[in-house]
1. So what's the gap between the Cα centers of the stretch 147-196 and the stretch 357-371, to the nearest angstrom?
2. Could you give the distance between the Cα centres of the stretch 50-96 and the stretch 251-304, to the whole Å?
3. Given a Förster radius of 51 Å and the C-beta distance between residue 380 and residue 459 as r, what FRET efficiency does 1/(1 + (r/R0)^6) yield to the nearest 0.05?
4. Send over the per residue convex hull volume for the stretch 50-106, Cα only, as a whole number of Å³.
5. Would you calculate the separation in nanometres between label points at residue 45 and residue 84, each defined as 7 Å from the Cα along the Cα-to-beta-carbon direction?
6. Can you give me the distance in nm between label points at residue 234 and residue 75, each placed 7 Å from the Cα along the Cα-to-Cβ direction?
7. Sorted by average packing, counted as other Cβ atoms within 10 angstrom per residue and highest first, what order do 105-116, 89-100, 139-150 take?
8. Let a ≥ b ≥ c be the square roots of the eigenvalues of the Cα gyration tensor of the stretch 231-383; is it rounded (a/c under 1.5), or, if not, prolate (a/b larger than b/c) or oblate?
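Since every read-out is calculated from the coordinates, none of them should be taken as a lab result. Every value quoted in this text rests on a predicted model; they were computed, and no experiment measured them. Positions of Cβ are backbone-derived with ideal geometry, glycine not excepted, and every protein chain shown enters the neighbour counts.
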């Protein structure tokens, strides 16, 4: 029986594309199309609406941007007038990083044309974006919130939009962008071509497509919510206190030079990045509390290889295209099972191989079960044997610290205390980290009430003085009671007549 030869991937030069676009594609090093590109590009060129589903990292950006640029070349002109460069294609993305990446790709594909490309997103000043919009652009890539700001400020006019792309639409719904999407789409002309691309399709996405797409062509090149076959997925059973040691050991054993470490919280990302930095690893943090400028600088340093570990929340789970990223760590199992697909999609991109390690604790059983249901695969938890002793100042080792203190290890050799002093400094740093987690950064933990100094005058018990006079009612010279009244009732004082006192009645005794 003869083996069937695999069908060769179609080439870009077989498409009816302008030589300017083919030249730009060749400059990017692309010769053959990915499955999503081979299926979607001809449909987009025909003018039909498209719902595209493909696993992350398969080239969805080129699948919609190249055919849209081809269709917009009829409007290409070299005029300096902003009126000759209205917004004709609008691309909406859920995160700033994804919007910036899509814009860079579109600019690369359009660099030999006269079409102008702009990108607007939040977290930075609006003035440079406003100047760019006022000068005129044909392709606008934006996040929904910042685009609404420009629409309300009358910086962006969308009356001439002919093409709309909703990229990572499921993520936009997850983070609550549906009202913003509905407002933006209400500003657009009714007659337009709408493309919806996403790595996953949920029932909500299908409802959105029914509302805003007209007889769309469904393009699926992989089972929904499937993970890339080029990624090796490993799940390790560990304790919370062993996670950092497990990451360092896997980096060392697999000789991994760069990796993204995903966590579930912004505070956790900041604390873990500081901890890895103290361990001697070049680390950067990426989360929502950082400014856009800081986030872009961290990403650029990571892409240049200046940073070994990028500790990030799920803002980095979608859209980040980092060439030849060898591995991804799920330091925390994601709360949303679909985020697992996107996280591990940062590695093993464009056919390359990758590693995805997930650290699982006993409390993560339900979350792992949801991942199994999503990817329809049984996950095997492996134990991991940690080499050497775990860091001595973990929470589980507090009792051991007390025993060392009792044995007097720290006071044995005063000349050789440098190592121990370093350990105490590390312990103080971890104690500050725990304080930051409980009370917020730059906050002081509540102090125990201090005992006041002893004062002999105020603290001694009361003693009766020998010189103290007895109360008037106990004195021997007290007046006798009148008219049978108690001795404790004082007699009325005599008041001078000048102040309105009444004269006492005249009696026989007074006359005598």
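1. The distance from the Cα centre of the stretch 147-196 to that of the stretch 357-371 comes to 36 Å.
2. Cα centroid to Cα centroid, the span is 32 Å.
3. Efficiency, rounded to the nearest 0.05: 0.15.
4. Working: hull volume 6.4 nm³, N = 57.
So the per-residue Cα hull volume is 112 Å³.
5. Taking the simple label geometry, residue 45 and residue 84 are separated by 2.8 nm.
6. 5.1
7. Working: 105-116: 19.2, 89-100: 24.0, 139-150: 22.3.
Listed from highest to lowest mean packing, they are 89-100, 139-150, 105-116.
8. Values: a/c = 1.43, a/b = 1.33, b/c = 1.08.
Rounded, because the longest to shortest axis ratio a/c is under 1.5.
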